[in-house]
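Read through the structure below, which is laid out as structure tokens, and then see the notes.
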Amino acid sequence: MTKPLSKDDYAPNDVTVHRDPARLARVVAALRAAGRNIALVPTMGALHAGHRKLIREAHVMQNTVVVVSIFVNPTQFGAGEDFERYPRTLDADVDICREERVGLVFAPEPADMYLPGSTVTLDPGPLGGELEGASRPGHFAGVLTVVAKLFNIVRPNYAVFGEKDYQQLTLIHRMARDLDFPTAVVGVPTVREHDGLALSSRNRYLSAAERETATALSAALVAGAHVSGQGGDAVLRVAGETLASVPGVEVDYLELRAPDLGPAPENGDARLLVAARVGGTRLIDNIAVLLGTGDE
Ligand code: PAF
């Protein structure tokens, strides 16, 4: 029988922060047994308006307890990446969660998530080595492994992710399908600043001048999308020219793919994706495009 919850486990009108995975799993199991739906919003913290939108989406189903995980996952960072300096702002994050009526925050430490000697990870398949994966070897194995662990701890009815990390979202959809997770994966459109810059926790690294330069990414995507009626070559040419016209943008990739990130079709729905460095900061963005409808 499930042990009754105390007010330290879960408070109906406030957010409760848990560090211990086993305790969080017990609390969520009791809420589920009491008939609540469980929605999970996995994050690495440094919450911003984009995360607020994910949390609001998670509230859409009636009778739902929203769980936000805040965990800077070491296994998805490569050597020389920003694991150490990634912003950690737990108190401010919990305030945002309270404002957004989140029921539970799960904020473990690496030692709570990875037992000494844990060696088993998930293989994302070939797509895990492309686009982001080509520049960040092992990144998606780390992402999928931690997301699978979160799904197993929380067992959510649904889990909400941003389209800004489009390849991540695609791979998590596949993981849930291929490994039979009973969790619906929900994607939410990217939230942008007034000038088009996609919201990202990493935008905090940008100086004022770099922040200005960084708008080249969304500008390039929009410029490409504007000529989508002329076909994929035109999209890539115009987007590439836009990026090249802004000094200080070092492009890693600019690619047109199918919505499932297979090869781009001649006509129809596609996704334009970009990664670039601005100063020392690596940024990504993407946009949906409709190729070759002949209306341009
Ligand atoms: O998108 C992120 O913040 C992370 O990659 C995720 C999904 C929380 C896994 O650590």
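The values are calculated or read from the model by the stated rules, or taken from the named source; none is laboratory data. Note that the structure is a prediction, hence the values are computed from the model and not measured. All Cβ positions, even for glycine, are placed from backbone atoms using ideal geometry, and neighbour counts span all protein chains on display. Just so you know, the surface numbers come from the protein's heavy atoms only, side chains and all, with ligands and any DNA or RNA stripped out. Shrake-Rupley method; radii C 1.70, N 1.55, O 1.52, S 1.80 Å.
Antiparallel versus total DSSP beta bridges in the chain: what percent is that, nearest 5?
Of all bridge pairs located within the chain, approximately 50 percent are antiparallel.
Accessible area per residue of the range 200-279 at 1.4 Å probe, in Å²?
45 Å²
For Gly138, what is the net charge nearby, where nearby means another residue's Cβ is under 14 Å from its Cβ and Lys, Arg count +1, Asp, Glu -1?
Overall, the nearby charge balance is -3.
Name the residue from Leu221, Pro263, Asn63 whose Cα lies farthest towards the positive end of the charge dipole of the chain, charges +1 on Cβ of Lys and Arg and -1 on Cβ of Asp and Glu.
Going by the Cα projections, it comes out as Asn63.
Per DSSP H run of at least 4 residues, take -39500 (n - 2.57); add these up for the chain, divide by its residues and hand me the 222 nm value, nearest 500 deg cm²/dmol.
-10000 deg cm²/dmol
Number of Lys-Lys pairs in the chain under 24 Å by Cα, sequence gap 8 or more or different chains?
Close lysine pairs found across the chain: 4.
Per the Debye formula with a single identical scatterer at each Cα and no solvent contribution, what log10 I(q)/I(0) holds for the range 143-293 at q = 0.16, 0.21 Å⁻¹?
One equal scatterer on each Cα of the range 143-293 leads to -0.90, -1.23.
Which value in nm describes the separation of the simple spin-label points at Ala33 and Ala111, placed 7 Å from the Cα toward the beta carbon?
According to this spin-label approximation, the distance is 3.1 nm.
Give me the net charge for the shell around Arg88: Cβ to Cβ below 13 angstrom, other residues only, Lys and Arg +1, Asp and Glu -1.
Spelling it out: positives minus negatives among the neighbours equals -3.
Rounded to whole Å, give me the distance from the Cα center of the range 28-75 to that of the range 102-179.
Taking the Cα centre of the range 102-179 as reference, the centre of the range 28-75 is 15 Å away.
Could you work out which residue, out of Gly231, Gly196, Gly117, moves most in a Gaussian network model of the chain, that is, has the largest mean-square fluctuation with Cα springs under 10 Å?
Gly117
In whole percent, how big is the carbon plus sulfur part of the accessible area of the range 19-136, probe 1.4 Å, protein atoms only?
Exposed carbon and sulfur together represent 54 percent of the surface.
Calculate, for Asp269 and His48, the FRET efficiency according to 1/(1 + (r/R0)^6) with r their C-beta to C-beta distance and R0 30 Å; round to the nearest 0.05.
Once the sixth-power term is evaluated, E becomes 0.60.
Where nothing but the Cβ of Lys and Arg (+1) and of Asp and Glu (-1) is charged, how large is the charge dipole of the chain around its Cα centre, in debye to the nearest 20?
1140 debye
Please give, to one decimal in nm, the separation of the simple spin-label points placed at Glu241 and His59, each 7 Å out from Cα toward the Cβ.
Placing both labels 7 Å along Cα→Cβ, they lie 4.6 nm apart.
Taking just the C-alpha trace of the chain, give me its Rg and Dmax in Å.
Spelled out, the Cα radius of gyration and Dmax of the chain are 20.0, 65 Å.
Name the residue, out of Ala49, Ala141, Ala34, whose mean-square fluctuation peaks in a Gaussian network model built on the chain with Cα pairs under 10 Å.
Ala34
In the range 140-272, carbon and sulfur make up what percent of the accessible area (probe 1.4 Å)?
50 percent
Using the Cα gyration tensor of the range 172-240, with a ≥ b ≥ c the square roots of its eigenvalues, what is the shape: rounded (a/c below 1.5), prolate (a/b larger than b/c) or oblate (neither)?
Cα axes put the range 172-240 in the oblate bin.
Give the Cα extents of the range 99-209 along the principal axes, in whole Å, largest first.
Principal-axis extents of the Cα atoms in the range 99-209, largest first: 44, 38, 29 Å.
Calculate, for Val251 and Asp178, the FRET efficiency according to 1/(1 + (r/R0)^6) with r their C-beta to C-beta distance and R0 41 Å; round to the nearest 0.05.
0.80
How big is the dipole moment of the range 147-222 about its Cα centre under a simple scheme where the beta carbon of each Lys and Arg is +1, that of each Asp and Glu is -1, and everything else is neutral? Debye, nearest 20, please.
It comes to approximately 260 debye.
What order, most packed first, do the peptides 57-70, 244-257 have when packing is the mean number of other Cβ atoms within 10 Å of each residue?
Going by the mean number of other Cβ atoms within 10 Å, highest first, we get 57-70, 244-257.
Describe numerically, in nm with one decimal, the distance between label points set 7 Å from Cα along Cα→Cβ at Gln230 and at Asp91.
That separation, rounded to one decimal, is 5.4 nm.
Given R₀ = 30 Å, FRET efficiency for Arg277-Val17 by Cβ-Cβ distance, to 0.05?
It comes out at approximately 0.30.
Please compute the length gained on full extension between Ser118 and Arg101, using 0.36 nm multiplied by the number of residues separating them and subtracting their Cα-Cα distance.
Length gained between Ser118 and Arg101: 2.7 nm.
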